[in-house]
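For reference, the structure discussed in these notes is given below.
Bear in mind these aren't lab numbers, they're just calculated from the coordinates by the rules spelled out. Since the structure is predicted, the reported quantities are computational estimates derived from the model, not experimental observations. Here the Cβ positions follow ideal geometry from the backbone for every residue, glycine too, while neighbour counts run over all protein chains shown.
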Amino acid sequence: MEEVRSFGYLCPKCGKAVLGSRSVFALQAAAVRIGCACGESELEIQTDGTKFRLWVPCGLCGGEHHAEVDAAAILTGRGVGLACPETKQLCCYAGEEAQVRSAMEELAIRAEKEKCEEKEAFTDNVIMYEVLSELKDIAARGGIRCTCGSTAYGIQVHRDAVDLICRQCGGKLRLNAGTDEDLDRLCCQMTLTIRGTKGMTVV
Ligand SMILES: [Zn+2]
Ligand SMILES: [Zn+2]
Ligand SMILES: [Zn+2]
């Protein structure tokens, strides 16, 4: 099987986590671009054989960053994270697909959480914070999926609830996040299942 490496970043335009994989062969052969589905941002990766150069659209500060990384760090091992020089937080990951995927899910949740903290528009800030942390934990163990089979989802945060929305079919799972009971209910769940819209009959 051909060896594949993955890259992830947060789109500064639409806020989604962008994840792409390329074979080691393709990465060494020519410059590679991984773009967001919204068409507004693109990660560029080039190598001279010993080093990789990356141009990373940054979902944290909205700028673009340039990084140079040893080829071995990109092509072998679990992977590397690249930090935004403005916010000092990791905004891009490269390496094994599973590692990059879980790191990107955490990053997307964290970015969402920070956006929320700025707004302070919740029924109960502490409960919302705890609910988002709990979601992060469930996501980290791969516990969020949709009945349509997809594990890709987006998060929408409201005043007293969080919606998980399936990227594939648009199915939605609403989690209340306003009271202690809401938090207790979430904490005892090992997995969360979004009810997909596929297969439903419209009457
Ligand atoms: Zn985008
Ligand atoms: Zn940045
Ligand atoms: Zn779905």
Restrict the check to the range 49-67 and report whether at least one residue is more than 13 Å from ligand 2 (Cβ to nearest atom) and touching a Lys or Arg at 6+ places or on another chain (Cβ under 7 Å). no
Any pair with Cβ under 6 angstrom, 6 or more apart, that starts in the range 16-43 at a residue that is touching a residue at least 24 places away in the same chain (Cβ under 8 Å) and ends at one that is surrounded by fewer than 18 Cβ atoms within 10 Å (Cβ to Cβ) and assigned to a loop (DSSP other than H, G, I, E, B): Val24/Glu3; Cys38/Lys13; Cys38/Cys14; Glu40/Lys13; Ser41/Lys13
Considering the range 143-173 alone, what residues qualify as being part of a strand (DSSP E or B) and either among the aliphatic types (A, V, I, L, M) or more than 13 Å from Leu192 (Cα to Cα) (or both)? Ile144, Gly154, Ile155, Gln156, Val157, Ala161, Val162, Leu164, Ile165, Leu173
Sort out which residues of the range 35-79 are surrounded by 19 or more Cβ atoms within 10 Å (Cβ to Cβ) and β-branched (Val, Ile, Thr), and write them in order of number. Ile45, Thr47, Val56, Ile74
Residue among Val80, Val69, Val56, Val18 that alone is in a strand (DSSP E or B), within 19 Å of Ala152 (Cβ to Cβ) and β-branched (Val, Ile, Thr): Val18
Here is a list of conditions, (1) more than 18 Å from the chain's Cα centre (by Cα); (2) free of Cβ contacts under 8 Å to residues at least 40 places away in the same chain, and Val4 meets all of them except one; can you say which number that is? (2)
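Residue-wise test of (1) farther than 26 Å from Glu3 by Cβ; (2) surrounded by 15 or more Cβ atoms within 10 Å (Cβ to Cβ); (3) not small (Gly, Ala, Ser).
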| site | (1), (2), (3) |
| --- | --- |
| Tyr93 | no, yes, yes |
| Arg110 | yes, yes, yes |
| Glu114 | yes, no, yes |
| Val126 | yes, no, yes |
| Asp137 | yes, no, yes |
| Cys148 | yes, yes, yes |
| Thr151 | no, yes, yes |
